[in-house]
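The values are calculated or read from the model by the stated rules, or taken from the named source; none is laboratory data. Worth saying up front: this structure is predicted, and the values here are computed from it rather than measured. Cβ placement follows ideal geometry from the backbone for every residue including glycine, while neighbour counts extend to all protein chains displayed.
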Ligand SMILES: Nc1ncnc2c1ncn2[C@@H]1O[C@H](COP(=O)(O)OP(=O)(O)OP(=O)(O)O)[C@@H](O)[C@H]1O
Ligand SMILES: [Mg+2]
């Protein structure tokens, strides 16, 4: 497997705004890589530099072995783009605009296949100006796929989708991977990153603050598990066979443990012996969202501390 994207020391400034401050990463062919980060973190800036839409201020960038800044036609033919903000011809129909685009590419996808893939069969003959927000976004996805690209950039591809459309587009993106395509995705939905990405990077204030698989990000796989349940009547914390603490807000008790299997065995063994039901019993690890909020929050705090230092 080769490398689809290689970025080293990437920087981007707009006048006085330093949006990207030295970012390095690479994406293997066939991988789904997700960029996560708060509004204004620099995600779209990075993506658009890789697409060849913006010039970088410093650093090296290789996309499918080419420098996107050179604007080579060979590169444009091999990448598919879904922009965060899109503009299309309002008076053309879905089918017309897709058919028109097939002429841009040497080996385009089949128009009917793409319409089916994004679930726009019923809107095939609808003019673009009549599409709903979510339908427009599906068309954007279709436009990204029509050239049958090897590498696809999806900047918040499912923002504005209803839950079932979001699930449907996950299937589409997974299918792209099974065809061996490479995907760079940005999203504000942690479940989407969890479901789709092989690797995620969290960017905040123009720098990467963490990178890893969705399951291991920020040490998530090593974090303590929480066992929760409601205390049965007549039982106190001291009666329990494992140390527990109360969560007064949730009205439950919590066991924090690195060994959930053993802790659970002791707890449930103890409860079964006494014919006690542990209502609401769950075992959880911190979710990707928990870890993300912590990482992004830490980064925001550091930034404000630095700003304070700068002003004092
Ligand atoms: N054309 C521009 N001119 C000046 N500043 C810009 C321009 N484009 C982006 N910026 C600034 O660069 C920073 C990063 O913006 P960017 O669009 O890359 O963020 P993002 O991570 O994609 O955010 P979002 O989640 O809101 O889409 C922001 O502070 C933004 O205001
Ligand atoms: Mg953006």
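Quick check on the stretch 31-42. Is at least one of its residues closer than 19 Å to residue 193 by Cβ, in the same structural domain as residue 191 (by TED's automatic domain parsing) and away from ligand 2 (no atom under 16 Å from the Cβ)? First the steps, then the outcome.
Start the filter on the stretch 31-42 by keeping residues that are closer than 19 Å to residue 193 by Cβ, which leaves 31-42.
From the residues that got through so far, the ones that are in the same structural domain as residue 191 (by TED's automatic domain parsing) too are 31-42.
From what's left, away from ligand 2 (no atom under 16 Å from the Cβ): 31-32.
Checked the stretch 31-42: at least one residue is closer than 19 Å to residue 193 by Cβ, in the same structural domain as residue 191 (by TED's automatic domain parsing) and away from ligand 2 (no atom under 16 Å from the Cβ).
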### Filter result (crowded, with 18+ Cβ neighbours inside 10 Å, part of a helix (DSSP H, G or I) and touching a helix residue (DSSP H, G or I) at 6+ places or on another chain (Cβ under 9 Å)) within the stretch 254-294
288, 291, 292
#### Entry: Residue among 145, 184, 117 that is under 19 Å from residue 36 (Cα atoms), in the same structural domain as residue 76 (by TED's automatic domain parsing) and either in contact (Cβ under 8 Å) with a residue 60 or more places away in the chain or crowded, with 19+ Cβ neighbours inside 10 Å (or both)
184
### Task
Would you tally the residues in the stretch 221-240 being over 30 Å from residue 292 (Cα atoms) and loosely packed, with under 14 Cβ neighbours inside 10 Å?
6
### Task
For the stretch 1-103, please list each of the strands (runs of 3 or more DSSP E) lying entirely inside it that holds at least 2 residues being surrounded by 18 or more Cβ atoms within 10 Å (Cβ to Cβ) and within 16 Å of ligand 1 (Cβ to nearest atom).
3-14, 17-28, 32-36, 79-82
### Query
Of the residues that make up the stretch 147-164, is at least one part of a helix (DSSP H, G or I) and over 24 Å from residue 129 (Cβ atoms)?
yes
